[in-house]
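Asker: I'd like to ask some things about the structure below.
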Amino acid sequence: MAFYRGAFLFLLVCLLNHSVWGKVELTMNDNLEVYLGDSAEIPCHYSFYGLDEEPSFVMIQWFVRAAGSGPRMRIFYSDDSEQIVDNNTDYSGRIEVTSDQKGTTLLIQNVQLSDEKEFFCQVNGLAAGYAERKTQLRVFAPPEAPVIEGVTTGVSVSNIIPSKVASCEARNGYPKPNITWYKDNEPLTPTAGQVNVITLVTRESTGFYSVQSTLEYKLAKQDKDSRFFCEVSFSVPGDIRVMESHRINVTVHYPTTMVELWKESPKGLVKEGDTVELRCQGDGNPPPLFIFSKEQEPDVVLESRGDVLMLPTVSRKDSGIYQCRPLDSVGQAVKGEVQLTVHYLDPAVVIPKDSEVMLTGEDLVASCNALSSLKTVTVWYKDGEVVGHGNTLHLDDATFETSGEYVCSVIVPSLPSLNTSGSVHIIVQGGPQVVGVEEEVQLAEVAGRTVNLSCEAHGHPPPRISWSIIGSQHWDEVMSKSNDHMTHSTVSVKVSSDVSAVCNASNDMGTEVKVFSIKAIPRVTRTAPFSPVEGSGVIIVVIILCLLLLAILGSVLYFLHKKGKIPCGRSGKQEITKEKHTKDDIVVEMKNNPKTEDAVLLKAVNGEKKGPNEQ
């Protein structure tokens, strides 16, 4: 039945086409661009000309055809009585058609890549005329973000032809995206011997395009800091857009053309005993390994660790010019050099050595020298105090105080940690010199008392002190002390009569004595004369006592009178006779003040006049 109906309609259209009286005009867009998955609306506007009135019968049909000249397929039919979406097509269930007196519109839902075809709109008004036009549907799908990968092994500048630098891929785009390469924001175009781009386009089973591009580039040393990236350009409805990959740095391999060698540590000057670190660096990439040597021994390879040469506990023999060369610089005169100077300070040499014996009054010149690679300063010390500057020390007119240890300290001002010292022990020999021997000591002391006599003698060897005492049988040495050049002795002597004491100081160099003369003063007991000061005090006490007695007596008399014990008449009057007393009736005995008896002091013994050693 459907077959006959279709044949009838086809025959009717053919007959009407040959007897058209009117004209139909259609208006459609040549192209329509949509994103994958969106909906597409294809309008078809029509109008009739040459008719007095609108046709009573209008037939509309939509056809689709792949690009080119292949057969087309109907997907929709409508007339005044019915609308039919053709079955068993790619558009069954996906299209809708709306119509009015001005035209018809085809709506395609969920557009696929396979929908990129020509869509025909055909309008037939029978006697009113027949016409058709088409619209090309374009479908767009942006690709994924580009992925760039650089060559991980590095590229050598020695390669004669361009080498692979990086690859870039943009996947699942439609239509086919394009890839452009950049170096430091400058586009790279294929250039013979310099830039080569290899592009591989793949049509996936899904209909998308994937594009892979490989950049081959002839690198130079200055490209070690360059940044490469790729840019993907793709079409979208009504526009062209781009996406950039991240930027990568390509490892550029180039030979070493310059080498630098320097002292890493210690900072500043180097002294013996230091550990020295030398570091070598070249401009090649990858950084080369280095071999170290000394200019004086170029064939002896020093043991190193990579780019570092360690010299532990250096000495002056390690001074010299050190060199480093890249291990791969065969046939190239590429090297780095550094001068290493190891400073030193030898132990101080003191002359006289160890110790020196002098006689009092002699002169001595001591010297202190230390060999050094730098300027030195020498200072002499005795007992922690500075006694001289310079390499020589002059000791003139030696005395026993000159004896002692003299230390010379040698330092390097520019390298204070470099220092040394030496010493010499000076011994001054001489006969005893008794302190205060110039005059005889005259003393006076009360008989029966004890006197301390002191004697001090200087000399070397240390003098021996002995005492010779005439006039006293009771004496003892109460104190004795000595050191390298001094002896001190104190004796306690009981004065019973005039005494002569002799201090005898002696050593191998001679003898000297000191004499003490003590005059004994007899002890005298006598009545002390009346002292007005003491007498006045006694009188005042007596007057006070008399006044107290008179007051008590008056009180007693007054009490007896009140009791009637004492009559007041003449007959009872008694005469009181004043009794005279002579001055001999009252005797006051004034005893001697012991302080007065002891007033005579022995000035030279334990008193005001001290011995020379006690000044």
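Asker: Criterion first (surrounded by fewer than 18 Cβ atoms within 10 Å (Cβ to Cβ) and touching a residue at least 60 places away in the same chain (Cβ under 8 Å)) does residue 96 satisfy it?
Answerer: Details: surrounded by fewer than 18 Cβ atoms within 10 Å (Cβ to Cβ): yes; touching a residue at least 60 places away in the same chain (Cβ under 8 Å): no.
No, not satisfied.
Asker: Something else about it: How about region 464-519: which strands (runs of 3 or more DSSP E) wholly inside it have at least 2 residues that are more than 30 Å from residue 405 (Cβ to Cβ) and among the hydroxyl-bearing types (Ser, Thr, Tyr)? Give the derivation first.
Answerer: Details: elements: 464-470, 475-482, 486-494, 499-507.
Output list reads 464-470.
Asker: So in region 356-394, with the set limited to residues that are surrounded by 15 or more Cβ atoms within 10 Å (Cβ to Cβ) and among the small types (Gly, Ala, Ser), which one is farthest from residue 406 (Cα to Cα)?
Answerer: Within region 356-394, the first condition is being surrounded by 15 or more Cβ atoms within 10 Å (Cβ to Cβ), and the residues that meet it are 356, 358, 360, 362, 364, 366-370, 372-374, 376, 378-382, 388, 391-393.
If we keep only those that are among the small types (Gly, Ala, Ser) too, we end up with 366-367, 370, 372-373, 388.
Details: 366: 9, 367: 11, 370: 16, 372: 22, 373: 25, 388: 10 Å.
Per the stated criteria, the residue is 373.
Asker: Sort out which residues of region 367-394 are of a type in the set (Gly, Ala, Ser) and within 30 Å of residue 315 (Cα to Cα), and write them in order of number. Before the answer, list the steps.
Answerer: Applying the first criterion (of a type in the set (Gly, Ala, Ser)) to region 367-394 yields 367, 370, 372-373, 384, 388, 390.
Correct list: 367, 370, 372, 373, 390.
Asker: Can you go through 152, 98, 135, 180 and tell me which one is at pLDDT below 95, assigned to a strand (DSSP E or B) and hydroxyl-bearing (Ser, Thr, Tyr)? Steps first, please.
Answerer: Working: 152 fails: assigned to a strand (DSSP E or B); 135 fails: at pLDDT below 95; 180 fails: at pLDDT below 95.
Unique residue meeting the criteria: 98.
Asker: Just one of the numbered conditions (1) assigned to a strand (DSSP E or B); (2) surrounded by fewer than 16 Cβ atoms within 10 Å (Cβ to Cβ); (3) among the aliphatic types (A, V, I, L, M) is not true of residue 127; which one?
Answerer: (1)
Asker: Has region 213-221 got at least one residue that is in a loop (DSSP other than H, G, I, E, B), over 44 Å from the mean Cα position of the chain (by Cα) and among the hydroxyl-bearing types (Ser, Thr, Tyr)? Lay out the reasoning, then the answer.
Answerer: Filtering region 213-221 down to residues in a loop (DSSP other than H, G, I, E, B) leaves 218-220.
This time we only want the ones that are over 44 Å from the mean Cα position of the chain (by Cα), so: 218.
With the extra rule that they be among the hydroxyl-bearing types (Ser, Thr, Tyr), the set shrinks to none.
The answer is no, given that none of the residues of region 213-221 is in a loop (DSSP other than H, G, I, E, B), over 44 Å from the mean Cα position of the chain (by Cα) and among the hydroxyl-bearing types (Ser, Thr, Tyr).
Asker: Sort through 451, 437 and tell me the only one that's more than 24 Å from residue 402 (Cβ to Cβ) and not small (Gly, Ala, Ser).
Answerer: Details: 437 fails: more than 24 Å from residue 402 (Cβ to Cβ).
Answer to the check: 451.
Asker: Another question about this same structure. Which of the following residues is without any contact (Cβ under 8 Å) to a residue 24 or more places away in the chain, over 30 Å from residue 411 (Cβ atoms), outside the structural domain of residue 154 (by TED's automatic domain parsing) and not β-branched (Val, Ile, Thr): 325, 279, 247, 305?
Answerer: Details: 325 fails: without any contact (Cβ under 8 Å) to a residue 24 or more places away in the chain; 279 fails: without any contact (Cβ under 8 Å) to a residue 24 or more places away in the chain; 247 fails: outside the structural domain of residue 154 (by TED's automatic domain parsing).
The match here is 305.
Asker: Looking at residue 90, is it closer than 24 Å to residue 24 by Cα and either part of a loop (DSSP other than H, G, I, E, B) or not basic (Lys, Arg) (or both)?
Answerer: Values: closer than 24 Å to residue 24 by Cα: no; either part of a loop (DSSP other than H, G, I, E, B) or not basic (Lys, Arg) (or both): yes.
Here the answer is no, as residue 90 does not meet what is asked.
Asker: To continue, here is another question. Which one of these does residue 230 not meet: (1) out of contact with any Cys (no Cβ under 7 Å at 6 or more places or on another chain); (2) surrounded by 12 or more Cβ atoms within 10 Å (Cβ to Cβ); (3) in the same structural domain as residue 153 (by TED's automatic domain parsing); (4) among the hydrophobic types (A, V, I, L, M, F, W, C)?
Answerer: Result: residue 230 fails condition (1) only.
Asker: If I go through region 35-60 residue by residue, how many of them are at pLDDT 90 or above and among the small types (Gly, Ala, Ser)?
Answerer: So the first thing to find is which residues in region 35-60 are at pLDDT 90 or above, and the list is 35-46, 59-60.
Retained after the next criterion (residues that are among the small types (Gly, Ala, Ser)): 37, 39-40.
So the count comes out to 3.
Asker: Now for a different question. Determine, yes or no, whether residue 228 is of a type outside the set (Asp, Glu) and either without any contact (Cβ under 8 Å) to a residue 60 or more places away in the chain or in contact with a helix residue (DSSP H, G or I) (Cβ under 8 Å, 6 or more places away or on another chain) (or both). Even if it seems obvious, please write down each step before you answer.
Answerer: Numbers: of a type outside the set (Asp, Glu): yes; either without any contact (Cβ under 8 Å) to a residue 60 or more places away in the chain or in contact with a helix residue (DSSP H, G or I) (Cβ under 8 Å, 6 or more places away or on another chain) (or both): no.
So residue 228 fails the test.
Asker: Out of curiosity, is residue 570 modelled with pLDDT of 50 or more, over 30 Å from residue 426 (Cβ atoms) and loosely packed, with under 14 Cβ neighbours inside 10 Å? Write out each step before concluding.
Answerer: Details: modelled with pLDDT of 50 or more: no; over 30 Å from residue 426 (Cβ atoms): yes; loosely packed, with under 14 Cβ neighbours inside 10 Å: yes.
Judged against the criteria, residue 570 is not a match.
Asker: So, in region 101-124, exactly how many residues are over 17 Å from residue 36 (Cβ atoms) and part of a loop (DSSP other than H, G, I, E, B)?
Answerer: Of the residues in that region, 2 qualify.
Asker: To continue, here is another question. Just one of the numbered conditions (1) in contact (Cβ under 8 Å) with a residue 40 or more places away in the chain; (2) closer than 20 Å to residue 228 by Cα is not true of residue 144; which one?
Answerer: The single condition residue 144 does not satisfy is (1).
Asker: Return the residue satisfying two criteria in turn: it lies in region 61-95 and is at pLDDT below 90 and of a type in the set (S, T, N, Q), and of such residues it is nearest to residue 123 (Cα to Cα).
Answerer: 81
Asker: Another question about this same structure. Hey, among the residues in region 395-427 that are more than 44 Å from the chain's Cα centre (by Cα) and part of a strand (DSSP E or B), which one's surrounded by the most Cβ atoms within 10 Å (Cβ to Cβ)? Talk me through it step by step, then tell me what you get.
Answerer: First, the residues of region 395-427 that are more than 44 Å from the chain's Cα centre (by Cα): 395-405, 424-427.
If we keep only those that are part of a strand (DSSP E or B) as well, we get 395, 404-405, 424-427.
Working: 395: 19, 404: 15, 405: 12, 424: 22, 425: 13, 426: 20, 427: 17.
Checked region 395-427; the qualifying residue surrounded by the most Cβ atoms within 10 Å (Cβ to Cβ) is 424.
Asker: Follow-up question, since we're still on this one. Quick one: which of 314, 349 is closer than 26 Å to residue 268 by Cα, in contact with a strand residue (DSSP E or B) (Cβ under 7 Å, 6 or more places away or on another chain) and surrounded by 14 or more Cβ atoms within 10 Å (Cβ to Cβ)? Spell out the reasoning first.
Answerer: On the way: 349 fails: closer than 26 Å to residue 268 by Cα.
Just one listed residue meets the conditions, 314.
Asker: Taking the residues in region 190-221 that are at pLDDT below 95 and in contact with a Leu (Cβ under 8 Å, 6 or more places away or on another chain) as candidates, determine which candidate is surrounded by the most Cβ atoms within 10 Å (Cβ to Cβ).
Answerer: Per the stated criteria, the residue is 207.
Asker: Out of 455, 503, I need the residue that is of a type outside the set (Val, Ile, Thr), modelled with pLDDT of 90 or more and touching a Phe, Trp or Tyr at 6+ places or on another chain (Cβ under 7 Å). Which one? Give the derivation first.
Answerer: Working: 455 fails: touching a Phe, Trp or Tyr at 6+ places or on another chain (Cβ under 7 Å).
Only one candidate passes the filter, namely 503.
Asker: Which members of region 130-151 meet the condition of being aliphatic (A, V, I, L, M), surrounded by fewer than 18 Cβ atoms within 10 Å (Cβ to Cβ) and under 30 Å from residue 179 (Cβ atoms)?
Answerer: From region 130-151, those aliphatic (A, V, I, L, M) are 131, 137, 139, 141, 145, 147-148, 151; that's our starting set.
Narrowing the set further to residues that are surrounded by fewer than 18 Cβ atoms within 10 Å (Cβ to Cβ) leaves 131, 145, 147, 151.
Result: 145, 147, 151.
Asker: Still on this structure, please answer the following. How many residues, within region 255-312, are touching a helix residue (DSSP H, G or I) at 6+ places or on another chain (Cβ under 8 Å) and either in a loop (DSSP other than H, G, I, E, B) or within 29 Å of residue 417 (Cβ to Cβ) (or both)? Working first, answer last.
Answerer: Here is the first cut: in region 255-312, the residues touching a helix residue (DSSP H, G or I) at 6+ places or on another chain (Cβ under 8 Å) are 272, 276, 285, 311.
The next check asks that each one be either in a loop (DSSP other than H, G, I, E, B) or within 29 Å of residue 417 (Cβ to Cβ) (or both); those that pass are 272, 276, 311.
The qualifying residues number 3.
Asker: Now for a separate question. Take the conditions of a type outside the set (Lys, Arg) and over 30 Å from residue 363 (Cβ atoms) and apply them to residue 488. Does it pass? Walk me through how you get there before you give the answer.
Answerer: Working: of a type outside the set (Lys, Arg): yes; over 30 Å from residue 363 (Cβ atoms): no.
When the stated conditions are applied, residue 488 does not pass them.
The values are calculated or read from the model by the stated rules, or taken from the named source; none is laboratory data. Only a predicted model underlies this, so the values are computations on that prediction, with no experimental measurement involved. All Cβ positions, glycine included, derive from the backbone under ideal geometry; neighbour counts span all protein chains shown.
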